[in-house]
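> Please find one structure pasted underneath; my questions will follow.
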Amino acid sequence: MLQGTLNRVRSIFVAIMILLGLVMIATYFLLGRDQFVALFSRSTEPGVREPTLIDPRAGAPDPNGSAIVRLAPVPKLAPPTLTIEPNVLRQNGLAMDTRVSTVVALPGVSIGTAVGGGSVTRRTLRLWSVTANGAPEFQLANILRPPLGDGRIGSVNTIAVSPDANLVAGAVIRFDRGTPVYVFHRNDGRLAASLTGLPSVATALAFSPDGKHLAVGLTQGGLRIFRTADWTELRRDPNYTEIVRSIAFAADGRMATTSFDGQVRLYDSQFLLLRAAMAPQGARPFDVAFSPDGTRLAVGYYDKAAVSLLDANTLTSRRVLLAPAPSREGDWLTEVAWARDGSRLFAAGFVTQGNGRNPVLSFDMASEGPPQILDGLRLETPLTDLLPYNETGVVAVSDASDPDDAVNASGLIMGAFSGARALVARFDGERSAVRLGSLAGDIEAFRVSDDGLILEVPASNRTLRLDLTQRRGDLIDTASLDLRPPRLTTPAFEVRDWRGRKVLETAATENGQVTRNQIALDLEERALSLAYAPGDEPYFVLGTNFAIRKYAFRGSLLQTIAVPAGAQRLTVTPDGRLYVAVLGDGTIRWYDAARGRELFAVYVSPKDQRWIGWTPNGRYDGSPGSDELLGWQINRGPDREPLFYSAQVFGSLFYTTDLGARVLRSLEIPDAPEPATLLARLVPVVELFGEPEVAVGKLTVEFQIKAPSGRPITGLRATINGVAAEVDTSEGPVPADTRIRLTFDLPPGAETNRTFSLSASHDDNVYGDAAERGFQVVGRDAPQQDEFKQERLLGLVVGISDYRDPGIPDLRFGERDATEVTAAFQRQLSRFYKQVDLQTLVGAQATRANIINALESIRRKRPSTLDTVLLFFAGHGVPDPNNPAGGAQAGRYFFVTHDANYSGGELAATAFSYTDLYAFIRETEGRQLVFLDTCYSGLVSETGAAVQSFARLPKPDANGIAREAGRLGAYVVAATTGNAVAYEDERLQNGALTFALLEAMDGRANDLPLSENRRITTAGLRLHLESTIKRVTNNRQKPAILDLNTEAVEIAAVVPPNPSFGALIPAPAQ
């Protein structure tokens, strides 16, 4: 009997297998090979949703019919971890103080949605204020950070701010902790609560008007209410079949919600459901807002350019507000906000009005007429939030850098409108130099070299050129013709009408027959960019707001790569090795096409074109000062606020010269230190309390220092308006986690607003990021103005033209550079400095021993924080002869002295070493100015094997030199950026850097920005050196300058023009 049963089971199993085999064979012939393969090879990467391939015979699908979120679990976040956190990707949650005393939270967007809601992107919550008194101004108020992890763990989803503005709640993705809601103290960023155990990601948050409750709307699981007194759950409503989209409160405590199940729900002040009704105008009700008098509800929609006005008690429809013609199918009005006096209702979203721009619509509640169109922002991007402003106005927000809502990389934009049409204030996030124009109009203006190492991309009204072979980024006026645009046509097939679409059609021609297929992207996903494969390869790549997707020409999905922001521009290099994309967060990223992984990313600052590039494991390269654009977040457990450090803290381990070119040529990412090995290197973190106290020339501050590594705190560095303030730590280590009060003497100066900063270090003298506070000095509290800004100018000036070793080519103007620089600074005696004491070594005097002795004599003069120390070197500079490639040992530099022995193979032992330079900077007090007019190319007429061998040496890493010296506190100017060449010019009679410096110091600079006191500042000198060097070298040379001072520090007085200094030199002929 048992054997018979087994036989029957075996027969049934065989029958099922045969049936499955027949189904698969039928599926193969029905779908075709490409679609069949794609069906069984879909990506399962967390956070990437797969689109649906549509059989053209089945008709158009319902684009709203698929699931909202399909996220796979990710590994548990085990504290402590080290997570790469670029500052450029930290523009996350928004809140605004629109009446100075009240902070109002913008509603957020759900994970993976491309529409409406706030500008919540990734890693932090950023709080903004806009004052209503006087001229409105947007200001960043604070940055709050949740713990981070791999993938989307730690991503902020939506936010809310309590009525008293003291608490900020943020919904955070954490699969290991039940997708919690973190509640922060607004002022100091400490965690007040962690609401765990939620079944899914929160998509809507709102505090009750009395601040006693927090309402949490979920992706799955409906609605939950928490008491803020003890953060216990009070009530829940699980009867939602779709995502909770928005929550709003009336002044009397009633609550309304919208959901993608199509319903609007109304609750009483005890959070009991009163009634629910289907939204009258669409299936996807979005934002909801009570009128100020509590009688009406405004409801916006994701699937229609309309707003419903409902009775706030019965939920019956009272009025429908429509976008004026011409609106089109697919437009939406997701965002709604009432004027505080109830006279107007504002609505916004994606309504192009036929001119490609998205306005704010202002509906007069006393009129049945069409809305006023507020188009002052002139945006092509969707408007993602509205907030009341004053009594009759509105603040409109477009976060085009939202990774799930990016149409171009213009970044965060905010505008304040009066009740009429006037735009009274505007804020542009300026998150990247990559600020693209029309989505359709300049796709071909994105151009890339054949190897992917050089690219040009539109940047506002100019073109950003990024050259990884030269390690520099520049804004240029005329695009180059030697680079390739994306391939947008191919004779074999085409993708039709794809821009901004959720459903695409492919048309492939084979044997004279045209085969059409449709591709449906996921819910709320849309196409942003496209490029066809090079040559005859039958595929194309599509950039969306979620991913880069590779499709076969018939439309089957071959590959999916998750992207952190919308892929605005996309191309494939001619050899098919790389995808290059411009993303909505303002970054440019390179992907390995074969393995589908990110290789390298670059961000370029819009203010000064500083650039930084990094690999996914944290190695980075960049221009001087770019360390502050990248950082590391240190988690201290899932329920504690993390610490944040700029990249310079770990620069000696992660900074890698020529990183981008190496990675993209090899398609391999170099290994990086394990995060666990870095914890002992953590620098102290300073926390300032309250506002600094000012009284009769004294400044008192209260602070404490956190030391995550547990090592003793031995150094404090304070500045007042960029001027070093002496701190005595001779009595022993500074205690950690203890409140300390320090009093400083205010430096002389006019009554003014000032800035105080404080940073700390362990015994390695590596300082952490400075904590800053502003303060004001008025009346009798202001100290007396001294006659001179600085006490002494001490320094060493070195210049070499002739070298003892015949294998080292001579230069023309090194010695002249040194003598003229000495003379220029000597003229500051009694003008800016009470004493000028400079040692000058030229020619045969400039030996290694003499340089070291001169530096030691400066130390013996015991410079104080009121003194300035000048170091100037003109001559040859070379990288470490034992490691000329640089790599992770970037910043190693040798100044070639007169007695250096290159031919004998003893250059490292006989030249002036980087270790001597950095040790002097680290161990010497005072403001330090370092000028390195070195890195010459050796463009001389001598021949011979030895000379040619020296000329072929790699140029030292000027970026690394400036970074290493600058992080020790010096103001550093290297003649060139990256590994480029510094030039001497017969017309200048100087090196280019020296010529520009002398032009400023000798009173000949017409473009030199000055301080209010008519003095030369570090910031003004930087601008002058950059512009002048580029001008006189015809843009062939760009200095590497690092100045970590947040204030423009005065370093010299303006002197009358020196008659001996030559006339201004025009730019050389082409």
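Laboratory data are not the source of any read-out in this text; all were calculated from the coordinates shown. In this text the structure is predicted, and so the values were computed from the model without any measurement. Ideal geometry is used to build each Cβ from the backbone, glycine not excepted, and the neighbour counts take in all protein chains shown.
> Between Val981 and Glu906, what is the spin-label point distance in nm, taking each point 7 Å from the Cα along the Cα→C-beta axis?
It is 3.1 nm.
> Residue separation times 0.36 nm, minus the C-alpha to C-alpha distance between Asp293 and Arg1014: what's the value?
The span from Asp293 to Arg1014 would gain 253.9 nm if fully extended.
> Taking R0 as 60 Å, what FRET efficiency do you get between Arg487 and Arg773 from their Cβ-Cβ distance, rounded to the nearest 0.05?
0.65
> Moving on. Hey, rough spin-label estimate for Asp802 and Val727, points 7 angstrom out along Cα→Cβ, what's it come to in nanometres?
About 5.0 nm separates the two model spin labels.
> Looking at this model, which pairs from Lys698/Lys834; Lys304/Lys550; Lys304/Lys502 are more than 27 angstrom apart at the alpha-carbon?
In this structure, Lys304/Lys550 lie more than 27 Å apart at Cα.
> List every residue whose amide H lies under 5 Å from the amide H of Arg1015, counting only residues 5 or more places away in sequence or on a different chain, with H placed 1.01 Å from N in the peptide plane.
Those lying under 5 Å, H to H, from Arg1015: there are none.
> Can you tell me the FRET efficiency between Ile12 and Ala325 if r is taken as the Cβ-Cβ distance and R0 is 60 Å, rounded to the nearest 0.05?
After rounding, the FRET efficiency stands at 0.40.
> Using per-residue counts of other Cβ atoms within 10 Å, averaged over each peptide, order 627-638, 191-202 from highest down.
Highest mean packing first, the order is 627-638, 191-202.
> On to the next question. Please list, ordered by chain and number, the residues whose modelled amide H lies under 5 Å from the amide H of Gln1037; skip anything fewer than 5 residues away on the same chain.
Amide H to amide H, under 5 Å and 5 or more residues apart or across chains, Gln1037 pairs with nothing.
> Report the full-extension gain for the segment Glu233 to Asn187: residue separation times 0.36 nm, less the Cα-Cα distance, to one decimal in nm.
Values: separation 46, 0.36 × 46 = 16.56 nm, distance 2.57 nm.
Using 0.36 nm per residue and subtracting the Cα-Cα distance, I get 14.0 nm.
> Which far-off residues, 5 or more places away or on another chain, put their amide H under 5 Å from the one on Ala593, with H placed in the peptide plane?
For Ala593, whose amide H was placed from the backbone, the distant partners under 5 Å are Leu578, Tyr579.
> What length, rounded to one decimal in nm, is gained on full extension from Ala445 through to Glu668, with 0.36 nm per residue of separation minus their alpha-carbon distance?
Value of the extension gain: 77.4 nm.
> Now a separate question. Could you calculate the FRET efficiency of Asn853 with Ala695 from 1/(1 + (r/R0)^6), where r is the beta carbon distance between them and R0 is 51 Å, rounded to 0.05?
Efficiency, from the Cβ-Cβ distance: 0.65.
> Would you mind computing, in nm to one decimal, how far apart the modelled labels at Glu537 and Asp311 are, each placed 7 Å from Cα along Cα→Cβ?
6.3 nm
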